[in-house]
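Heads up: the structure comes next, in structure tokens.
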Amino acid sequence: MDNVLNHIGIENYIFLCVILFCIGVFGVLYRRNAIIVFMSIEIMLNAVNLLFVAFSTYHQDAQGQVFVFFSMAVAAAEVAVGLAILVSIFRNLSSIDIDNLKKLKG
Amino acid sequence: MDSKLALVLVLAPFLGFLINVFFGKSLSKTVSGVIGTAAVVVSFVATLYFFIQLNQTHKPITIHLFEWIQLGNFNLSFGFLLDQLSLLWLMFVTGIGALIHLYSISYMHEDEKIHSFFAYLNLFVFFMITLVVGSNLLVMFIGWEGVGLCSYLLIGFWYKNQEYNDAAKKAFIMNRIGDLGLLIGIFIIGHLCSTLDYTTLQTTLASSGGLLVSKHWLAVAAFCLFIGACGKSAQIPLYTWLPDAMAGPTPVSALIHAATMVTAGIFMVTRLHFLFDLTPGVQSIIAVVGAITALVAATIGLVQNDIKKVLAYSTVSQLGLMFLALGLGAYEVAVFHVITHAFFKACLFLGSGSVIHALHGEQDMRKMGGLKKAMPITFLTMLISSLAISGIFPLSGFWSKDEILMVAFEHNKALWVIASLASIMTAFYMFRLMFLTFFKDFRGTDEQKHHLHESPSLITFPLIVLAILAFMGGALNLPGSNWLNHYLAPLLSHGEHGEHVFGTTEYMLMGVAMAGAIIGIAIAYTKYVKQRQVPEEDHNITGFTKVLYNKYYVDEAYDWLFVKPINFLSRFFRDYIETALSGFVFGLGKVTMEVGYYGRKLQNGNIGLYLFAFVIGICAIISYLFLAQ
């Protein structure tokens, strides 16, 4: 069977995902703009999704792809909620710098 | 009809208690007292009705109120048993109770808490009636505990004095020791016979003749019950609370600590005579304990200077004589002495109360004297009662004490000697009390002398009634008529000691007892009237007198033997065990607090830090998963 993995090896997908995930992690850690943090989280999420799909193909099992659908749907919902929160934070504080968001302090 | 009237009998004092407790403050002092007295009078009238009825029909009345406890084949009902014994007891509990309530109206009139005094007194009468009329041991136990509570409340009635509080606590704790014995005894009986009902118990024990029931356990039960009786009736080794109980107001001493409550032990033993008859070993213990108590208490009484303390030791001593009679199986004799003792001892206590009242609270006989002229009625009534308790013919004490001595003589000469010695001493210290209080010159302050007066009629009336009873009480069981013996015969069926054939021995014994009493009085007369001696001041007392004056140092010995070790143990537990335990518990709390205090700082609201923590966490988890494989 002609498999996409025959052209580009599974290890390359894994490396790509690891790099993407690390970019996401460092984005989350280093950036202070809440929207960019958010985008970084999405990158991490999609890195994992990509890995799912890659392994799904590798194992000839559709379950991984099905799972990615769910994960994307949930991510969409989460983005909607998250952006709404950001909007309301911006309305209140005129800023979305996460260093300013210290009202959750215990 | 009967059951309703019986309920009235029992509940009237309780109603009086409720009224005085809840509305006492808004009532005037006299009204409060009148309500208290009326409640007891109602009980007395009801008792009288039952008593007359019983004397006509000779049938005990059993009143079943409700099923109380049902456990498997063990059934216990809540009911009353109005038979010869309980009605006799009720007669003097409510009768003397009513007189003492009447007396208290005047005696306690100065006291601002008079309504609670009457409330407690009524509650006491209620519990005492419950104790007496209960148809089984557990109902009796309710009353038994209740009278102990009231005794505690009334001893500590003047609670602002710490010594009185201590006396109250002492009485309560001493009684608790006895009560535990009683309770264990009741449990053993319940286990052995699967019933606690008096009548069923009697038939069970009589029919099986002790065959079905283990003799040893029966003896253990009887002994435990006797410990209970020791506690309540102030016998060695649990007697020390009674003299201290004189801290209570004098009417309380008269009612609770002389006439009624302390006779509960005798009541219980008489009630369960069929049990004690089966255990001769325990009976001899009772007799010996009674005799020794009678002697020891009488010797202590010889040198006491507090007028009420003398009477208290005299009470302990007389109770000892009653137990001697019980131990020898002469239950009706003990009952006879209980009744006569209730008359003259109540009279003596009330008389001493009248004296204390006149002297504004002075109780030391060294500061009295010459009260004869100022208080003729008190003097006369107390004289009659003193003659009665000393056993002078033909007053009541003579007959009852004489019977005890006769029974003792029949069974055991040594016990007779002890009992006779005790009664000679009784005559001595009673007349020492009389001579010091009423004869010669007054030794108090001038101001007291100026205020000397006879007590009001509310105080003297009960005195007169009781003195008449103390005079005539012997008629209950005169040799020849033996009314009391016949009256109690259906209950105490053996009747072994019932009728004395009067021979020379008996007349000789009577003569000896009488002579002993007269010798005692004569010694007291020479010492305190002719030689005008006055007991020494406390610090001048030396030698054996000092030992007696300090009550053989029994309190100190108990303190050293029991109180100190227990205090030591409790201090040990407090200082070490509790410190360790609480240290551990507090330590846990402290650690949690500290962790929380520093952990709190992590939650600083810096989202960047949180995210960093996430990442570190995930890295840690992943590394762990890799390493774990």
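Couple of notes before you dig in:
- Going by neighbour counts of Cβ atoms within 10 Å, the residues B:Val21, B:Val591, B:Val289 line up, fewest first, as B:Val591, B:Val21, B:Val289.
- Taking a ≥ b ≥ c as the square roots of the eigenvalues of the Cα gyration tensor, region A:4-97 is oblate, since a/c reaches 1.5 or more and a/b is not larger than b/c.
- Angle in degrees between helix B:215-232 and the longest Cα principal axis of chain B, rounded to the nearest 10: 80 degrees
- Per-residue HN-Hα couplings for region B:150-165 [Karplus 6.51, -1.76, 1.60; θ = phi - 60°; Hz; x = Gly/Pro]: 5, 4, 4, 4, 7, 5, x, 4, 8, 6, 7, 9, 5, 4, 5, 4
- Its Cα centre serving as origin, chain B has a Cβ charge dipole (Lys and Arg +1, Asp and Glu -1) of approximately 920 debye.
- To the nearest ten degrees, helix B:607-628 and the longest principal axis of the Cα atoms of chain B are 90 degrees apart.
- MRE, 222 nm, helices only [DSSP H, n ≥ 4, -39500 (n - 2.57), over the protein assembly as shown, to nearest 500]: -24000 deg cm²/dmol
- Order of B:Leu138, B:Leu149 under a 10 Å beta carbon neighbour criterion, fewest first: B:Leu149, B:Leu138
- Those aspartates and glutamates that a straight Cα-Cα span of less than 17 Å connects to B:Lys449, excepting residues fewer than 8 apart in one chain: B:Glu362, B:Asp364, B:Asp441
- For the residue pairs B:Lys308/B:Lys527; B:Lys169/B:Lys215; B:Lys413/B:Lys440; B:Lys169/B:Lys345, the alpha carbons lie more than 32 Å apart in B:Lys169/B:Lys215; B:Lys413/B:Lys440.
- Span from the region B:570-611 Cα centroid across to the region B:16-56 one, whole angstrom: 61 Å
- The mean number of Cβ atoms from other chains found within 10 Å of a Cβ in peptide B:601-609 is 5, as a whole number.
- Order of B:His337, B:His64, B:His357 - criterion: other Cβ atoms within 10 Å of each residue's Cβ, fewest first: B:His64, B:His357, B:His337
- Measuring between their Cα centroids, region A:1-61 and region B:137-171 lie 86 Å from each other.
- By the rule of a C-alpha distance below 20 Å, with chain neighbours fewer than 8 residues away ignored, the aspartates and glutamates paired with B:Lys29 are B:Glu110, B:Asp111, B:Glu112.
- Computed lengthening from B:Leu65 to B:Phe572, 0.36 nm per intervening residue step minus Cα-Cα distance: 177.5 nm
- Check: the protein assembly as shown dipole with +1 on Lys, Arg Cβ and -1 on Asp, Glu Cβ, in debye: 1440 debye
- Relative contact order [Cα under 8 Å, 6+ residues apart], chain B, whole percent: 11 percent
- From most to least packed by mean Cβ count within 10 Å, the peptides B:600-609, B:278-287 give B:278-287, B:600-609.
- Positive contributions from Lys and Arg (+1) and negative ones from Asp and Glu (-1), summed over other residues with Cβ under 11 Å from the Cβ of B:Gly608, come out at +1.
- Taking 7 Å steps out from each Cα toward its Cβ at B:Thr526 and B:Thr579 produces label points 6.4 nm apart.
- With Cα atoms, 0 to 90° folded angle of helix B:396-411 axis to chain B main axis: 80 degrees
None of the figures in this text is laboratory data; all of them are computed from the coordinates on show. Keep in mind that this is a model prediction, so the values were computed, not measured. FYI the Cβ positions are ideal-geometry reconstructions off the backbone, even for glycines, and counts take in every protein chain you see.
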